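Chemist: Here it is, the structure in full.
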Amino acid sequence: MKKRARPPLIEVRHSPVHGYGVFALRRIRKGTTIMEYLGDRVSHEEADARYENKDPNDNHTFLFTVDSKTVIDGGIGGNDARYINHGCDPNCESASQNKRIYVEAIKTIQPGEELAYDYQIQRDPEDPPNVDEIFACRCGAAKCRGSMLVARKKPRKKKSKIKARGGPAKKNAKKTAKKTARTAASGAAKKAAGRATSKATTRAAVKAAARKSAGEKSQAAAAVRSRRGR
Ligand SMILES: C[S@@+](CC[C@H](N)C(=O)[O-])C[C@H]1O[C@@H](n2cnc3c(N)ncnc32)[C@H](O)[C@@H]1O
Ligand SMILES: [Zn+2]
C-alpha cells in the first residue's frame with residue numbers, strides 16, 4: 001500500500017507585516033529545521049552589481065549574507081524561504097552550517113502563525129540619518145524595536161570616582177566577566193556544533209544606490225566592497 005504524503009508544513013500567502021509571508025500549516029516543534037534558504041550563490045561584488053540601480057529608499061531584498069565571500073540571492077533560483085519576514089520577537093532563526101543557511105524554529109509554532117526571524121541587519125558609520133526609517137519594522141511584536149537593523153549600541157557609562165577606586169565596581173566587574181564568559185561559551189558551543197546565527201539580508205544594494213544618486217558611484221562601490229570584506 002502506498003504511504004500517504006504528509007500535507008505541507010508551510011504556505012506562502014499575503015502577510016500583514018509586508019507583502020508575502022510564510023505561514024505554518026501544521027504545528028512546528030521548537031528545534032525543527034524548516035527549510036534551507038536557497039538561491040543563486042554569488043560574490044558580494046556580483047550582488048552589488050545586480051542591484052546597484054535600485055531606488056535608495058527601497059529596502060526590499062532577497063539577498064542573504066552567508067559570510068565575507070558569499071551572498072545568496074533568493075530572487076534567482078530561490079525557494080519559499082525568501083518570503084520569510086523579519087520579526088523582532090521571532091519564532092525562527094537562521095543558522096549557518098557548512099556555508100548553507102537553514103531556517104529553524106526556536107519556539108513551537110502553531111498552525112496559522114507567521115514564521116519570522118531576526119534579520120540582524122548591521123549598522124554602518126556611513127548610514128544616512130534616516131536609515132531606521134528606510135528599514136522601519138512592521139512586525140507588530142510588543143517588543144518591536146521599530147527597525148530591521150540591530151539595536152543601536154548604548155553609549156558606555158563613564159565610571160564614577162567610587163567605582164574607579166575599586167569600591168562597588170568590583171561587584172560589577174565580576175558580573176561583566178561572567179556575562180562575557182557566557183557569551184563566549186555560547187558562541188563556542190555554536191561553533192563546535194558547526195553553526196552560528198547568521199546576519200541576514202544585506203543592504204549594500206540600498207547603500208550603493210543611495211551613493212550613486214549622490215554621484216559618488218565609484219567611491220561607493222569601493223566602500224561597500226571594503227565593508228563587506230569584514
Ligand atoms: C526576504 S523578503 C521577505 C518577503 C517579502 N515580504 C516579500 O513579499 O517579498 C525581505 C523584505 O521584506 C520586507 N520586510 C520583511 N520583514 C519586514 C518587517 N518586519 N517590516 C517591514 N518590512 C519587512 C523588507 O522589504 C525586506 O527587505
Ligand atoms: Zn519589529
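Chemist: Please pick out the residue among ASN59, ASN85 that is near ligand 1 (Cβ under 9 Å from one of its atoms) and surrounded by fewer than 21 Cβ atoms within 10 Å (Cβ to Cβ).
Modeler: ASN59
Chemist: Does any residue of the range 13-21 turn out to be over 27 Å from ASP132 (Cβ atoms) and of a type outside the set (Asp, Glu)?
Modeler: yes
Chemist: Right, ASN91: within 16 Å of ligand 2 (Cβ to nearest atom), touching a His at 6+ places or on another chain (Cβ under 8 Å), of a type outside the set (Phe, Trp, Tyr) and modelled with pLDDT of 95 or more or not?
Modeler: So ASN91 fails the test.
Chemist: From the list PRO111, PRO125, pick out the single residue that is more than 13 Å from VAL22 (Cα to Cα), out of contact with any helix residue (DSSP H, G or I) (no Cβ under 6 Å at 6 or more places or on another chain), assigned to a loop (DSSP other than H, G, I, E, B) and of a type outside the set (A, V, I, L, M, F, W, C).
Modeler: The match here is PRO125.
Chemist: Scan (1) out of contact with any strand residue (DSSP E or B) (no Cβ under 7 Å at 6 or more places or on another chain); (2) in a loop (DSSP other than H, G, I, E, B); (3) surrounded by fewer than 22 Cβ atoms within 10 Å (Cβ to Cβ) for the single condition GLU133 breaks and write down its number.
Modeler: (2)
Chemist: If I filter the range 43-63 for residues that are over 23 Å from PHE135 (Cα atoms) and out of contact with any His (no Cβ under 8 Å at 6 or more places or on another chain), do I get at least one hit?
Modeler: So far as the range 43-63 goes, yes, one or more of its residues are over 23 Å from PHE135 (Cα atoms) and out of contact with any His (no Cβ under 8 Å at 6 or more places or on another chain).
Chemist: So, in the range 12-54, how many residues would count as being more than 10 Å from ligand 1 (Cβ to nearest atom), closer than 17 Å to PRO111 by Cα, part of a strand (DSSP E or B) and within 20 Å of the chain's Cα centre (by Cα)?
Modeler: The qualifying residues number 4.
Chemist: Is it the case that ALA116 is at pLDDT 95 or above, touching a strand residue (DSSP E or B) at 6+ places or on another chain (Cβ under 6 Å), away from ligand 2 (no atom under 16 Å from the Cβ) and not basic (Lys, Arg)?
Modeler: no
Chemist: Any residue at all in the range 74-81 that's of a type outside the set (Gly, Ala, Ser), more than 25 Å from GLY112 (Cα to Cα) and either in contact with a Leu (Cβ under 7 Å, 6 or more places away or on another chain) or at pLDDT below 95 (or both)?
Modeler: Looking for residues that are of a type outside the set (Gly, Ala, Ser), more than 25 Å from GLY112 (Cα to Cα) and either in contact with a Leu (Cβ under 7 Å, 6 or more places away or on another chain) or at pLDDT below 95 (or both), one finds none in the range 74-81, hence no.
Chemist: Which one is nearest to ligand 2 (Cβ to nearest atom) among residues in the range 119-142 that are β-branched (Val, Ile, Thr) and touching a residue at least 24 places away in the same chain (Cβ under 8 Å)?
Modeler: So, considering only residues that are β-branched (Val, Ile, Thr) and touching a residue at least 24 places away in the same chain (Cβ under 8 Å), the one nearest to ligand 2 (Cβ to nearest atom) is ILE121.
Chemist: What about ILE84, is it within 16 Å of ligand 2 (Cβ to nearest atom) and closer than 24 Å to ALA151 by Cβ?
Modeler: Answer is yes for this residue.
The values are calculated or read from the model by the stated rules, or taken from the named source; none is laboratory data. This is a predicted model, so every value here is computed, not measured. Glycine gets a Cβ as well: all are built from the backbone with ideal geometry, and neighbour counts include every protein chain shown.
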